[in-house]
Structures are given as structure tokens and as C-alpha cells.
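Report on the following structure.
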Amino acid sequence: MNVLVLNCGSSSLKLQVIDTDLERIEFDADRVLARGVIERIGSEALIRLWVEGKRPLRRTAALRDHRAALDYVLRWLVSKEAPIPGLDSLSDVHAIGHRIVHGGERFLHSVVIDEQVEDQIEDCIDLAPLHNPANLKGIYAARELFGPALPQVAVFDTSFHSTMPDSSYLYAVPYSFYVRHRLRRYGFHGTSHRYVAHRYRKLTEHAPETTNIISLHLGNGCSACAIRRGESFDTSMGLTPLEGLVMGTRSGDLDPSVLDFLHHKEGLSLDEIDTLLNKQSGLLGISGLTSDMRELLREESEHQDRRAHLAIEVFCARIKHYIGAYLAKMNGADALVFTGGIGENSAEIRRRICAELDFFGIALDPARNDGLASGAEGRISQDGGRVGVWVIPTNEELLIARDTVRCILNAPRRW
Ligand code: ADP
């Protein structure tokens, strides 16, 4: 089954076409056929499209909205420029899987999209005003271009965390706000945490029911997740993705009084403070240079830049804080799993995070940590340590494609 996986942002569209079915899932034999990224939708868009294993095609074109962007992609997909065996016309796309950011409390699992589901995703716009409208645009565009008969499936960033107990998800504010507005912690990156936890258990032949994992997704956005007996028990992002770890441009945790302080000292409005905390803080805010970890590490080592150093130190310290918290909350863990652009690629950041955690049975093997190739999965801790440390590249698109197949075929979700 060829599944088109779509991830629509406010001005972007990312896609993959993945050939998968229940048998391929069983044997990890899913195949990526094509990929694409379109940015700056709404003006002169930047387009990168490629058949797996071939060189990317780079272009610009005026694409006024998500429908125009998807139309562009689909024309390319069935053109001679993209020679993909088994994909000659749009009827060779058998289903669409959408990444949906916020499913509120309604969606505990991925679902086949119908009118009611669309309405409920719309109801969650209050909770994710930037993300859910863009996700919906992707659903509408796909329906227009493929027709209503093609099954579409919604896979939510929040669903995996629906197993969190109330002691993890409640804020200590008057309970009436939770009752009236569902004001609570939801968590995000669920598809990524779920995927790496599954991979870890598969690689080590552990059963979900007996395994506790701390998963660290460190990319531009960063979150930690305590996965207890196969289920999300706690996670660092909250009502929105702003809470928790230090990220590329997001502050993560802070004293809520900071808002009032900034308002009075700087005369900033709530909207301005929201932008400041989401877009101008985190690694970028502390360093004053960049949100890009690779560049910060370079500035630190080549120019001994003090603020680049500070940004990295605060980033790593916050992660340590959460590791300690989750070890306490789960009464220990079998493994610590690194994923995301930073987690997968930076041996140096992994080294700093895991330094002086031997009290907890966490000890890296320097040769394994330094020697792990980019994109590879493997254990980087010393033999015999109480907590294994692993690097497992995330693959949210694959999980979306697999959930799409399972939803359509009504097959059980085993992880
Ligand atoms: P997104 O969250 O947007 O998907 P990624 O998961 O691709 O982002 O992560 C992007 C981050 O990963 C950037 O901060 C980038 O600098 C960092 N990164 C990628 N490769 C390396 C590397 N080799 N060393 C350090 N950081 C890296």
C-alpha cells in the first residue's frame, strides 16, 4: 500500500511516500519511495523533491496555499521526473496519513478522518492556534485533489501522552480551569517518543510491560518523556510545546511571574512576550548568536564564545534535571534513549548530559559514543551499566504510515 504522509506547517509542507502493509510492518520491510519539503508557501516557495536514492530536485515556484503546494507535489510524483515503479498515477496512492499536532483529550489513538473528526480537530484549534489550522488545510487540500473516497488518517502528537496520570498532567491552578477549558499538560512529540521506545524494545527484545525508558527528543524542539511499562507516564512539554527543556528558540520552563516582570520592565504586551519566549529565547536567546546547536558548538570550540558556552551548559543542565526527575518518578529506568537532530548527531552533547550520572548507573562508553555513525542506532553506554544509553534515530513519518495502514485495515496497534 502506498501511503502519502503529510506534515503541514503554517507555511510548509513535508511529505513522504511510503510503501507499507501489515506484512512489511511485521518484518520492518517498509520502503520510502519519495520525499519532499516545500517551504515559504504563500510566496515564492522553495521546493525540494526527490525519489529515494536520487539527487533532490530544487526549484522555486509561486505557490499561494497548501492546495497549490500539494498539487505541485502530486504532478511531480506521477511525472517522468519521478520514475517510481508502482506509482504511475494518483490512483496508485492508496491512503494519506496526516501529522496532527493537537488532539486535545479527544484522540487517544490515530483515527480515520471523517467529518466528525475534522470538527473535533477544529475544536482543538484553541489549544494549538498555529498548528491545527495548517494541519486541517492539508486534509482539505488532499480531499479536493484526491476526492472524498481516498482514506485519510490523523496521527496526533498528543495521543501517546494520553496515558499520563492526572498527577503528571494537572497544573496546580484552580481545578475549575481544567473542568471549564481543559487547561492541562498534553505533551507533544508523541509519535517520536513512541517510535524510539518501540525500536528500543525491538532491538533489545524487551516487552513493553516490563520496560521503563527515558526518551530525549533533542531537535529544534526538545522534549523528554518518561515511558513506564510501554506508556507515556510524564513528558516535559505541557499545554503547548513551550514548557520543559531549553530548545532552539523556546525558553522551556520558567517562573510564570517572568511574564508580569517583562510586561512591567519592558512594556511588552502578552503577544510580544509569547513571541519572545517562543521565537527569541532558548539557545538563540542565551547565545545571542543562533538556535543551531552545531554552530554553537563550533563557536564555543573555535572562538571560546562565552555565551555560546552558557547556552549549551543551560541546555544540558535542564536535560539532566529531567533525567533525575524521571528516574525518581519511575523508580529507575532500563534505558535512556537519545533522538532528534542533536540527540542523534552530537556525541559531545550526549557526553555532557551523561557526565557524572554514574550514581544512577548511567555511564557512557566514550569510544561507542564517539564512534557511532550519523544516522546509526546503537548502544553507547558501558557494558553492565544499570541504565543502558542508546541513540535511536526517530522516524515519525514511518510511524504515521504504519498507523495509517493499521487504522484503515482496523488492525490492532501493538505498540
Ligand atoms: P527539527 O526539530 O526541526 O526536526 P532536527 O531534529 O533536524 O530539527 O534538529 C535540528 C538541530 O540538530 C539543530 O540544532 C542542529 O544544529 C542540530 N544538529 C544536527 N546535526 C548536528 C551535529 N552533528 N552536531 C550538533 N548538532 C547537530
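The values are calculated or read from the model by the stated rules, or taken from the named source; none is laboratory data. Remember, it's a predicted structure, so these values are computed and weren't measured experimentally. Positions of Cβ are backbone-derived with ideal geometry, glycine not excepted, and every protein chain shown enters the neighbour counts. To get the accessible areas, we keep the full protein, side chains included, count just its heavy atoms, and leave off ligands, DNA and RNA. Shrake-Rupley method; radii C 1.70, N 1.55, O 1.52, S 1.80 Å.
How high is the relative contact order of region 266-415, in percent, counting Cα pairs under 8 Å that sit 6 or more residues apart?
Relative contact order, region 266-415: 16 percent.
Tell me, what is the 1.4 Å probe accessible area of Phe261, in Å² to the nearest 10?
So the heavy atoms of Phe261 present about 120 Å² to solvent.
Peptides 363-373, 164-174: what's the order by average Cβ count within 10 Å, highest mean first?
363-373, 164-174
Between Leu310 and Val179, how high is the FRET efficiency from 1/(1 + (r/R0)^6) when r is the Cβ-Cβ distance and R₀ = 56 Å? Nearest 0.05.
The pair Leu310/Val179 has a calculated efficiency of 0.85.
Compute the orientation-averaged projected area for region 137-275 from the convex hull of its Cα atoms and round it to one decimal in nm².
12.2
As a test of reading the structure, rank Tyr200, Tyr72 by solvent-accessible area (1.4 Å probe, protein chains only), most first.
Greatest to least solvent exposure: Tyr72, Tyr200.
When the chain is fully extended, how far beyond the present Cα-Cα distance does Ala149 get from Asp114, taking 0.36 nm per residue of separation?
11.5 nm
Sticking with the crude label model, points 7 Å out along Cα→Cβ, report the distance from Thr163 to Lys265 in nm, one decimal please.
Using points 7 Å along Cα→Cβ, the separation is 4.2 nm.
Using only the alpha-carbon atoms, how far is helix 293-303 inclined from the longest principal axis of the chain? Give it as 0 to 90 degrees, nearest 10.
Helix 293-303 and the main axis of the chain meet at about 50 degrees.
What is the angle, in °, between the Cα long axis of helix 270-279 and the longest principal axis of the Cα atoms in the chain? Nearest 10 is fine, range 0 to 90.
Once rounded, one gets 90 degrees.
Please go through region 317-408 and write out the GluC sites (Glu not before Pro) that DSSP classes as loop and that have at most 12 other C-beta atoms within 10 Å.
Of the GluC sites (Glu not before Pro), the ones in loops of region 317-408 whose Cβ has at most 12 other Cβ atoms within 10 Å are Glu356.
Starting from 0.36 nm per residue, how many nanometres of slack lie between Glu105 and Leu409 once their C-alpha separation is accounted for?
Length gained between Glu105 and Leu409: 107.0 nm.
Could you report the accessible area of Leu57 in Å², rounded to 10, computed with a 1.4 Å probe on the protein chains as they sit in the structure?
Its accessible surface works out to 40 Å², give or take rounding.
Tell me, what is the FRET efficiency for Asp65 and Asp28 to the nearest 0.05, using R0 = 51 angstrom and their Cβ-Cβ distance as r?
0.90
Could you calculate the contour length gain from Arg55 to Glu295, that is, 0.36 nm times the residue separation minus the distance between their Cα atoms, to one decimal place in nm?
Once the chain is fully extended between Arg55 and Glu295, it gains 83.8 nm.
For region 221-324, give the percent of accessible area contributed by carbon and sulfur heavy atoms, probe 1.4 Å, rounded to a whole number.
50
Given the rule -39500 (n - 2.57) for each run of at least 4 DSSP H residues, summed and divided by the residues of the chain, what is its mean residue ellipticity at 222 nm, to the nearest 500 deg cm²/dmol?
Taking each H run of at least 4 residues, the total per residue is -11500 deg cm²/dmol.
For a quick protection proxy, order the peptides 148-155, 126-133, 81-88 by their average other-Cβ count within 10 Å, most packed first.
Sorting 148-155, 126-133, 81-88 by mean packing, highest first, produces 148-155, 126-133, 81-88.
Taking the Kirkwood radius as the inverse of the mean 1/r across Cα pairs, report the Rg/Rh of the chain.
0.96
With a cut-off of at most 16 other beta carbons within 10 Å, and DSSP calling the residue loop, which trypsin sites (Lys or Arg not before Pro) in region 203-260 qualify? Please list them.
Those that pass, being in a loop and sparsely packed, are Arg229.
To the nearest 10 Å², what's Ile319's accessible area with a 1.4 Å probe?
0
What accessible area per residue, rounded to a whole number of Å², is obtained for region 123-170 using a probe radius of 1.4 Å?
With the other protein chains kept in place, region 123-170 gives 40 Å² per residue.
What does the charge add up to near Ser269, with Lys and Arg as +1, Asp and Glu as -1, over the other residues with Cβ less than 15 Å from its Cβ?
Charge balance near Ser269 sits at -3.
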